[in-house]
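> Can you keep this structure in mind? I'll have questions shortly.
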Amino acid sequence: MPDGTLQTIVLVEDNEDDVTLLRRAFQRAAIANPLQVVGNGEAARHYLAGEGAYANRTQYPLPALILLDLKLPRVSGFEVLAWLRSQPGLKRLVTVILTSSPQTADIARAYDLGANSYLVKPGNPHDLVALVHMLHLYWIDYNATPPLASGTG
Amino acid sequence: MPTRLLTTMLPYGIAVAVVACALLVMLLIPPLKTHTPFLFFFPAVMTAGWYGGLGPALVATAVSAVSAHYFILPPAFSFALTVVTGIQLAGFVVVAVFISLLQGSLRQARARFEVILRSIGEGVITTDVEGRVTFMNPVAEALTGWPDERARGRPFMEVLHLLHRHARQPVENLVTRILREGTVAGLAPHTVLIGPDGTEHSIDASGAPIRSDRETMAGVVLVFRDVTARQRTEAALARAAALLELTYESILVLDLDYTITFWNRGATLMYGWTAEEAVGQVAYYLLRTQFPKPFEAIKAELFRDGRWEGDLVHTTRAGASLVVASRWALERDADGQPLAFLELNSDITARKHAEDALQQLNATLEQRVQARTQELAETNAALEAFAASVAHDLRAPLRGIHGFAQALVDDYGAQLEASGQDFLQRIIRASTRMDTLIQDLLTYSRISREALPLEPVPLQAAVQAAQAQLSGDLQARGAAIQLEAPLPVVIAHYPMLVQVLVNVLANAITFTAPGVCPVVTVRAERTEAQVRLWIEDNGIGIPAEYQERIFEVFERLHGPDAYAGTGIGLAIVRRGVERMGGHVGVVSAPGQGSRFWLTLRPADEGA
């Protein structure tokens with residue numbers, strides 16, 4: 001990525017309230033990175049594959065970080081993750097699960113499918129701001145973004 | 001002189017004595033001497049022969065001859081012989097010897113006759129034509145109690161005391177009957193002999209006339225024996241046989257090639273064939289026997305042990321199938337050689353069917369239990385998923401409520417009056433409470449359903465983990481938790497134990513009087529069978545009437561404005577401890593703090 005261009009963060013979340021609160025949290029944390037939101041698993045797949053409405057890579061660039069909810073209508077977060085990790089050009093994309101489920105079984109499955117990290121959504125919005133800030137700091141600022149295989153731009 | 005010698009010499013002595021008498025008589029009556037010189041010597045020889053037999057008769061002959069020659073034949077008192085006297089003497093000797101021989105064989109015959117009679121094992125009584133006893137052999141003597149000498153001449157019925165068994169009347173005189181009818185006759189039935197000691201004997205008797213020639217009867221000979229013992233045996237046997245016929249079990253006797261020789265009424269009832277039809281058949285062909293193991297093995301066991309037991313399948317005459325419990329025994333003769341088989345069968349068809357049905361029921365029961373358990377497990381899993389799903393769906397909007405309320409406070413709080421801000425705070429508090437409630441409910445429901453694998457857990461570590469979880473609250477309240485070492489190792493489920501301790505400790509530091517810093521002491525008591533952990537606080541205490549209720553779901557003693565709490569925390573504690581095999585309770589009084597206790601199994605029981 002050329003310097004100066006801020007990396008995109010993709011949020012896969014179906015709950016509108018959670019989306020609003022997250023956007024606000026990003027704002028409060030002074031994160032300027034573009035936030036692309038898709039509301040279900042199918043749309044997530046289309047976006048990442050660059051298909052259909054998301055064919056324009058300039059408008060819809062590949063993200064440096066995917067925040068993935070698990071409880072999505074029709075196609076679950078697990079399915080998106082599994083699909084992602086099976087795509088040669090996309091499988092290295094950093095994916096952090098951001099869900100309300102603290103269940104051990106879900107955590108285990110997410111890691112089995114190749115999630116990079118698993119976060120439980122905090123109830124307190126103050127905690128959400130802190131979380132988001134830390135996410136950005138760690139995964140965008142500090143973490144070395146993996147190079148993607150050629151052919152995806 | 002020894003008796004034996006005396007007995008032997010006596011007849012000879014008698015012989016000599018008799019001859020001497022005869023001589024005396026002859027000498028005393030001179031006409032006899034002259035005309036019949038040998039007259040009285042003949043009777044002497046005959047007498048000697050009668051008493052003593054051939055020997056003494058010959059001795060008598062010799063002595064008579066010498067005496068006659070010397071004393072009687074002329075010339076008297078000398079041994080001189082003339083032709084005439086010689087011929088007379090010779091003639092006498094010849095005749096006397098002849099008589100002796102006759103007497104001898106007569107005596108022998110009589111003796112033999114007597115010996116034979118005495119040797120007969122049965123009682124023999126002979127009578128004359130008048131019905132008087134002429135002879136009793138030893139067996140008759142024993143049975144009647146009459147010695148031969150005493151019995152002779154007595155009437156027959158006096159000696160042989162016979163009565164009718166039931167009527168107790170004397171029976172018809174058998175001897176009289178025989179004498180009258182002149183043929184062989186037996187005793188009337190139900191006749192018993194009364195023995196010398198008054199005991200009753202059953203006897204078998206028959207008599208026959210003694211005929212001197214074809215026309216004339218000389219008397220009656222009666223032969224009898226005591227059959228009491230035999231009759232008793234027969235009666236016992238008959239009774240046993242009758243008893244055998246009473247039973248409903250089949251009793252079969254088979255000979256060594258398995259041919260039926262005895263078939264009781266029970267067998268007829270069980271199988272349908274009568275005894276006539278069954279006797280002579282080979283048992284396992286007739287009954288179409290199915291054996292539980294090879295017949296050879298059964299035979300071997302039978303011959304080795306003398307018995308065999310097992311269940312057989314038989315087919316009745318009507319074609320029905322029976323299951324019988326069969327007991328076999330091997331009969332051996334006196335030398336130990338196998339003689340016959342005894343087979344006893346009881347019908348267990350009904351019982352067998354019941355057993356089979358029971359077994360099947362058991363099997364299906366097992367299956368049903370397994371299916372039911374599977375169902376339960378599935379239901380549980382479904383419930384679990386449902387609860388989690390419900391919790392998730394309930395918490396989502398709460399996040400929204402809480403989040404936006406807080407956002408309002410943060411972004412627009414300055415523009416609100418105090419009351420507006422207060423409202424928002426209440427919204428936040430309410431939604432937080434609800435979220436906690438949902439989580440607690442989820443935990444509580446999970447405790448009841450989940451299997452808790454137990455293992456040794458150091459209490460120290462669990463308490464410290466609980467402390468860590470509560471660190472924020474502890475700090476906020478300025479609470480101090482004191483651990484009194486040592487805290488033993490217990491059998492528990494670590495995460496559950498931590499949750500329990502968190503809840504109890506949270507309680508301990510929450511319910512303090514305003515302005516008081518909570519101080520909590522944690523210590524352990526050890527007995528052989530359990531560990532009792534005490535969590536003692538300096539809180540406001542719990543009145544006696546509520547000390548049980550606080551462990552129930554949704555039981556709160558104070559409003560949420562006074563003290564925070566969902567009312568589930570202690571319910572979770574009780575449930576969790578119970579699932580780990582222990583108990584909880586509290587010792588408390590208002591104003592005196594509370595001492596919560598929980599018991600768990602020690603990890604080293606008996607140590």
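> Just checking, does the range B:370-387 include any residue being out of contact with any Gly (no Cβ under 8 Å at 6 or more places or on another chain), surrounded by 13 or more Cβ atoms within 10 Å (Cβ to Cβ), of a type in the set (Gly, Ala, Ser) and within 12 Å of chain A (Cβ to nearest Cβ)?
yes
Yes/no matrix, rows are residues, columns are (1) part of a loop (DSSP other than H, G, I, E, B); (2) aromatic (Phe, Trp, Tyr); (3) within 16 Å of residue B:123 (Cα to Cα):
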| site | (1), (2), (3) |
| --- | --- |
| B:139 | no, no, yes |
| B:142 | no, no, yes |
| B:149 | no, no, yes |
| B:153 | yes, no, no |
| B:163 | no, no, no |
| B:167 | yes, no, no |
| B:175 | no, no, yes |
| B:178 | no, no, no |
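> Let me ask something else about it. Looking at the range B:455-509 only, could you name the residues that are more than 18 Å from residue B:570 (Cβ to Cβ), charged (D, E, K, R) and surrounded by 14 or more Cβ atoms within 10 Å (Cβ to Cβ)?
B:477
> Residues in the range B:37-47: is at least one more than 19 Å from residue B:94 (Cα to Cα) and hydroxyl-bearing (Ser, Thr, Tyr)?
Looking for residues that are more than 19 Å from residue B:94 (Cα to Cα) and hydroxyl-bearing (Ser, Thr, Tyr), one finds none in the range B:37-47, hence no.
> May I pose another question? Is one or more of the residues making up the range B:329-341 over 27 Å from residue B:250 (Cβ atoms), out of contact with any Lys or Arg (no Cβ under 8 Å at 6 or more places or on another chain) and assigned to a helix (DSSP H, G or I)?
No, the range B:329-341 contains no residue that is over 27 Å from residue B:250 (Cβ atoms), out of contact with any Lys or Arg (no Cβ under 8 Å at 6 or more places or on another chain) and assigned to a helix (DSSP H, G or I).
> Here's another thing I want to ask about it. On the basis of being among the polar types (S, T, N, Q) and part of a helix (DSSP H, G or I), does residue B:482 make the cut? If you could, list the steps in order and put the result at the bottom.
On the way: among the polar types (S, T, N, Q): yes; part of a helix (DSSP H, G or I): no.
So residue B:482 does not fit the description; no.
> What helices (runs of 4 or more DSSP H), lying completely within the range B:214-328, carry at least 1 residues that are over 27 Å from the mean Cα position of the chain (by Cα)?
In the range B:214-328, the matching helices (runs of 4 or more DSSP H) lie at B:228-246, B:275-278, B:283-286, B:295-305.
> Further, regarding this structure: Regarding residue B:309, is this residue closer than 26 Å to residue B:239 by Cβ and modelled with pLDDT of 90 or more?
Here the answer is no, as residue B:309 does not meet what is asked.
> Looking at B:424, B:474, which is the one that is farther than 22 Å from residue A:98 by Cβ, more than 10 Å from chain A (Cβ to nearest Cβ), outside any strand (DSSP E or B) and out of contact with any strand residue (DSSP E or B) (no Cβ under 8 Å at 6 or more places or on another chain)?
B:424
> When you look at residue A:90, is it more than 25 Å from residue B:384 (Cα to Cα) and in a loop (DSSP other than H, G, I, E, B), yes or no?
It is true that residue A:90 is more than 25 Å from residue B:384 (Cα to Cα) and in a loop (DSSP other than H, G, I, E, B).
> Sticking with this structure for a sec: Looking for something within 16 Å of the chain's Cα centre (by Cα), under 27 Å from residue B:412 (Cβ atoms), within 14 Å of another protein chain (Cβ to nearest Cβ) and charged (D, E, K, R) - is there at least one such residue anywhere in the range A:26-48?
Within the range A:26-48 (the criterion being within 16 Å of the chain's Cα centre (by Cα), under 27 Å from residue B:412 (Cβ atoms), within 14 Å of another protein chain (Cβ to nearest Cβ) and charged (D, E, K, R)), the answer is no, since none of the residues qualifies.
> Looking at B:406, B:464, B:415, which is the one that is under 30 Å from residue B:531 (Cβ atoms), modelled with pLDDT of 90 or more and not small (Gly, Ala, Ser)?
B:464
> Which ones in the range A:67-93 are within 13 Å of residue A:115 (Cα to Cα) and either of a type in the set (Asp, Glu) or surrounded by fewer than 17 Cβ atoms within 10 Å (Cβ to Cβ) (or both)?
A:69, A:79, A:82, A:85, A:86, A:91
> Let me ask something else about it. Only one of B:529, B:589, B:607 is modelled with pLDDT under 85 and among the aliphatic types (A, V, I, L, M). Can you tell me which? Spell out how you get there, then give the answer.
Numbers: B:529 fails: modelled with pLDDT under 85; B:589 fails: modelled with pLDDT under 85.
Unique residue meeting the criteria: B:607.
> With the requirement that a residue be within 13 Å of another protein chain (Cβ to nearest Cβ) and either more than 17 Å from residue A:76 (Cβ to Cβ) or in a strand (DSSP E or B) (or both), what does the range A:1-25 give you? Before you say what the answer is, go through the steps one by one.
Our first condition is that a residue be within 13 Å of another protein chain (Cβ to nearest Cβ); within the range A:1-25, this holds for A:13-25.
Across the range A:1-25, the qualifying residues are A:16, A:17, A:19, A:20, A:21, A:22, A:23, A:24, A:25.
> May I ask you to list pairs of residues, at least six apart or on different chains, whose Cβ atoms are under 7 Å apart, with the first in the range B:147-161 being basic (Lys, Arg) and the second being at pLDDT 85 or above?
Short answer, once both residue conditions are applied: B:152/B:133; B:152/B:134; B:154/B:132; B:154/B:133.
> May I ask you to verify whether residue A:85 is more than 18 Å from residue B:395 (Cβ to Cβ) and within 14 Å of chain B (Cβ to nearest Cβ)?
no
> Next question. Out of the range A:111-128, which residues are part of a loop (DSSP other than H, G, I, E, B) and either touching a residue at least 40 places away in the same chain (Cβ under 8 Å) or more than 11 Å from every other protein chain (Cβ to nearest Cβ) (or both)?
Here is the first cut: in the range A:111-128, the ones part of a loop (DSSP other than H, G, I, E, B) are A:114-116, A:121-124.
Answer for the range A:111-128, where residues must be part of a loop (DSSP other than H, G, I, E, B) and either touching a residue at least 40 places away in the same chain (Cβ under 8 Å) or more than 11 Å from every other protein chain (Cβ to nearest Cβ) (or both): A:114, A:115, A:116, A:121.
The values are calculated or read from the model by the stated rules, or taken from the named source; none is laboratory data. This one's a predicted model, so the numbers in the text were calculated from it and none came from an experiment. Positions of Cβ are backbone-derived with ideal geometry, glycine not excepted, and every protein chain shown enters the neighbour counts.
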